[in-house]
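> Submitted below is the structure of interest, expressed as structure tokens.
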Amino acid sequence: MGPYPTWPDPEDLKGMPQWCVLPMEVSMKNVLIVDDARSIRNEVTDVLTRAGYNVTEAADGAEALAYLAGQAAVNLVVLDVNMPGMNGLDVLDRIQLEHKARNIPVLMLTTEAERVLVERAKKAGAKGWLLKPIKAELLISTVARLSL
């Protein structure tokens, strides 16, 4: 057995279609990735899709806010800090202050490590802060914890 528990037991899966191996509770989770870098969105989408998540991408804060305004089925937002137009901290503020999505957990994913930024995000309601480059196992475990 690997670092992540599997359901059902692998022995029970012999001869079953591949789609049966996704844990039911993970396969129903919807994650919104917000990053202006297409390569990061692609990488995060690939990692989380392979882990059984449904992923939607937004290229900037305005696109993310518009998506959240029309969606009730998002379990987690993964949000970059440095984006043109509206940065991730401003998006987080808008979500928390005026948006119906304020109860959706937000995970910041960024190259920034300044304590002031981390504290600002925490005060604004972010539930986690991960640094790029992406470490797949850490991303998956963090997303699993936050998207319960």
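> Using unit Cβ charges (K, R positive; D, E negative) and no other charged atoms, how large, in debye to the nearest 20, is the dipole of segment 16-146 about its Cα centre? Mind dumping the intermediate values first?
Numbers: 15 positive and 16 negative charges, 85 e Å.
Dipole magnitude for segment 16-146 comes out near 400 debye.
> Then there is this: At a Cα cut-off below 24 Å, give the lysines reachable from Lys29, other chains included and same-chain residues fewer than 8 away excluded.
Lys100, Lys122, Lys127, Lys132, Lys135
> Something else now. Scan around Leu109 for amide H atoms under 5 Å from its own, H built in the peptide plane at 1.01 Å from N, and keep only partners 5 or more places away or cross-chain.
HN-HN under 5 Å from Leu109: Leu79, Asp80, Val81, Leu130.
> Given the options Gly125, Leu109, Val55, identify the residue whose Cα lies farthest towards the positive end of the charge dipole of segment 16-146 (+1 on Cβ of Lys, Arg; -1 on Cβ of Asp, Glu).
Highest projection toward the positive end goes to Gly125.
A short reminder: the numbers here are calculations on the coordinates, not readings from a lab. The structure presented is a predicted model; accordingly, all values stated were derived computationally and were not measured. Don't worry about glycine lacking a Cβ; one is built from the backbone with ideal geometry, like all the others, and counts go over all protein chains shown.
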